[in-house]
Structures are given as C-alpha cells and as structure tokens.
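Participant: What follows is a structure written as structure tokens; I'll ask about it next.
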Amino acid sequence: EEQGLASLAALCASAPAIVEKLVSAEAGVHARVLAEVAQAAIEALRRDMASWSLGFETLRTLSRSKLERAWADPRAAQADFGQDVAIGARLHRVQRLRAKAKFEKWLVSEASVDAPLVAFGSEGVGKTWAVLDWLHDGHLSETILLTVPSSALPALGAITELSVKRFIADRLYELAGRRDPAHWLVRLDLLLRRPPEEGPVVTLFLDGINQEPSAPWLALLKALQGPAFAGRVLVIVTTRTLHFRDKLANLSGLVVPVSQAEIDAYDLEP
C-alpha cells in the first residue's frame, strides 16, 4: 500500500533505470512496477530532499521543544524571556479568550499578506503570557518559531537584507547549538527558497521591544516585509501601549499595516 511505502522503496521506484544498473535487471522490473503505484510517495520524497526542505523539520522540532520548556519550566522561561512566563507550571490559569480571538483573526487573514501582529498593553497585563499560551495551543507549530528578546537587536547594527538574514541565522545557530553562524546563513538562504504554497518558514517572536526604545524596530519590520522574506517570515511583537502609540506611532510607516491586538487586564469574563 502506497501510504505505508518505505522511503527506500520510493527512492528505488523513482529511478528504475539506476536500480537496474546498480542491482539487477529483475530489481529494475520490480522498481518500474512499484513506480506505477508510488507517485505520491515519490513526490513526498522529492519534497523532503529539496534544498529548501533539508533540515527544516529538525529545526521546527527543536523550536517547538524550546517553546514547551519555556511554557513548563520557570528556569527555561527566565532564560528565554527574562521573566517567569512558565504558564504550564501554574495550577490555576486564566484563559485569555479575547486575546486569542484577535491572534486567530490575524493568523487566518492578515498574516498571509505579511502584516506583523502587535500585542500591546499596559505593564503587567500578561502580553507575553497571552502570546506564549496561544502558541502552545499549537498555532504556528508548522513553522520554525524563534523567540527573540529585545536585547538581541542592538547587535544587529545597520538594517539591510543581509544584516537581517544574519540576525535570523544567529537565532538558528542558538537554536541548533552546532556548526557556526556562517553555516546557518547558508541554510537560511536555502530555507527562504521554500515555495510560497508550502507556507511560511519562520515565525519571529520579538518580545518586549519597549525595553530597547532606541532600537530601529520600524526599519527591521520594513525589511521583513521585503521580497526576501515576504510570505516566508511571520512576525509577532509585544510591547507596551505608550511605546507602540507614541514612540512607534503605531508602526504606521509599514507598507502592510500591523494587526493590533490590545491585551486587556485579567478578568474572568467570557
């Protein structure tokens, strides 16, 4: 049955002539017969072996594991976010239903045209908590989720397409913990060749950007709406209301306007 076809069998079926040359004429006959019923498996194998796909699943799994650790372990949360947002470690949690509804509206509509999601609110209303809990529900789990503390941006320097790629590649290096940033810059270039119909590759979660008010946030978001990243990199930002409204002027300089999700104070209203 094709659904249970092993990868090695699909590989042989994709090239019967090579199987015949390297193994035997009889093996080539079997590979040709198999090819007639294995087209879906062969296409899936070709997709998995495409240059833009190699390593994607590993990075996606690593990013999901990192999110799970921050959600469940206060120490991991402090290391990643600079605050204890380990929601899973709490016995009692308040579901941020209004916030989640806004996030889901962004995901099904505005995200597809490269609108960043900005979750903003007063100090202590749980902006990071709300986003993290929503992500833990499984949203964007098909992308590589990169959590970026605002303190990482000053190292970016001048905002160019190359500097932004290096910035993301450094996050991939931190996530994987192997090779070097130069290797991940090459890998990122390949990942960004992913066909648009395959969906976005990376989700950048820029947390607490009000903590670095002098950083060029608008320039970064403009660059991320450029051709190199369009349709491939989604952006989620958290910040305080005053910073978003006054310092960033609602990020009105973007070609594609942001999706605004104001996070209210905690309550138990449905």
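The values are calculated or read from the model by the stated rules, or taken from the named source; none is laboratory data. Please read these numbers as outputs of a predicted model, since none were measured by experiment. Note: ideal-geometry Cβ built from the backbone for every residue, glycine included; neighbour counts use all protein chains shown. These accessible areas exclude ligands, DNA and RNA; they are computed on the full protein's heavy atoms, side chains included. Shrake-Rupley method; radii C 1.70, N 1.55, O 1.52, S 1.80 Å.
Participant: Rounded to the nearest whole Å³, what is the per residue volume of the convex hull around the Cα atoms of the range 15-164?
Facilitator: Working: hull volume 32.3 nm³, N = 150.
Dividing the Cα hull volume of the range 15-164 by its residues yields 216 Å³.
Participant: Moving on to the next point. If I ignore ligands, DNA and RNA and count only protein heavy atoms, how much of Ser141 is accessible to a 1.4 Å probe, in Å² to the nearest 10?
Facilitator: Looks like 30 Å² after rounding.
Participant: Right, another one. Could you put Val258, Val186 in order of accessible surface area, largest first, with the 1.4 Å probe and the full protein assembly present?
Facilitator: Numbers: Val258 20, Val186 90 Å².
Heavy-atom accessible area, descending, gives Val186, Val258.
Participant: Okay, moving on. Report relative contact order for the chain in percent, whole number only (criteria: Cα-Cα under 8 Å, sequence separation at least 6).
Facilitator: Numbers: 375 pairs, mean separation 62.3, N = 270.
The normalised contact order for the chain reaches 23 percent.
Participant: Not counting ligands, DNA or RNA, and with a 1.4 Å probe, what is Glu142's accessible surface area in Å² rounded to the nearest 10?
Facilitator: Approximately 120 Å² of Glu142 is accessible to the 1.4 Å probe.
Participant: Excluding ligands and nucleic acids, what accessible area in Å² is computed for Phe81 using a 1.4 Å probe, to the nearest 10?
Facilitator: Accessible area of Phe81: about 20 Å².
Participant: Near Pro227, within a Cβ-to-Cβ distance under 11 Å, what is the net charge of the other residues, with Lys and Arg +1 and Asp and Glu -1? Before the final figure, lay out each step's value.
Facilitator: Numbers: positive: Arg232; negative: Asp114, Glu161.
That works out to -1.
Participant: Starting from the Cα of Lys127, draw a straight line to each of the lysines and keep only those under 29 Å, dropping any in the same chain fewer than 8 residues away.
Facilitator: Leaving aside lysines fewer than 8 places away in the same chain, those within reach of Lys127 are Lys66, Lys100, Lys102, Lys105, Lys165, Lys222, Lys247.
Participant: Projected area of the range 112-248, taken from the Cα convex hull and averaged over every viewing direction, in nm²? Before the final figure, lay out the partial values.
Facilitator: Details: hull surface 32.9 nm².
That works out to 8.2 nm², a quarter of the Cα hull's surface.
Participant: Ranked from the most accessible area to the least, with a 1.4 Å probe and all protein chains present, what is the order of Tyr266, Tyr173? Let's see the in-between values first.
Facilitator: Details: Tyr266 105, Tyr173 85 Å².
Output order, biggest surface exposure first: Tyr266, Tyr173.
Participant: Using θ = phi - 60° and the Karplus curve 6.51 cos²θ - 1.76 cosθ + 1.60, what whole-Hz ³J(HN,Hα) does each residue of the range 98-103 get, with Gly and Pro shown as x?
Facilitator: Values per residue, Gly and Pro as x: 5, 5, 4, 5, 5, 4 Hz.
Participant: Give me a comma-separated list of calculated 3J(HN,Hα) values for the range 107-113, in order, Karplus coefficients 6.51, -1.76, 1.60 applied at θ = phi - 60°, integers in Hz, x for any Gly or Pro.
Facilitator: So the J values, rounded to whole Hz, are 5, 8, 10, 5, 4, 5, 10.
Participant: Compute the semi-axes of the equivalent ellipsoid of the chain, taking the square root of 5 times each eigenvalue of the Cα gyration tensor, and list them largest first in whole Å.
Facilitator: On the way: eigenvalues 335, 90, 59 Å².
Gyration-tensor ellipsoid for the chain: 41, 21, 17 Å.
Participant: What does the charge count around Arg240 come to, taking other residues whose C-beta lies under 15 Å from its C-beta (Lys +1, Arg +1, Asp -1, Glu -1)? Show your work: numbers first, answer last.
Facilitator: Numbers: positive: Lys127, Arg245, Lys247; negative: Glu123, Asp207, Glu212, Asp246, Glu262, Asp264.
Its environment carries a net charge of -3.
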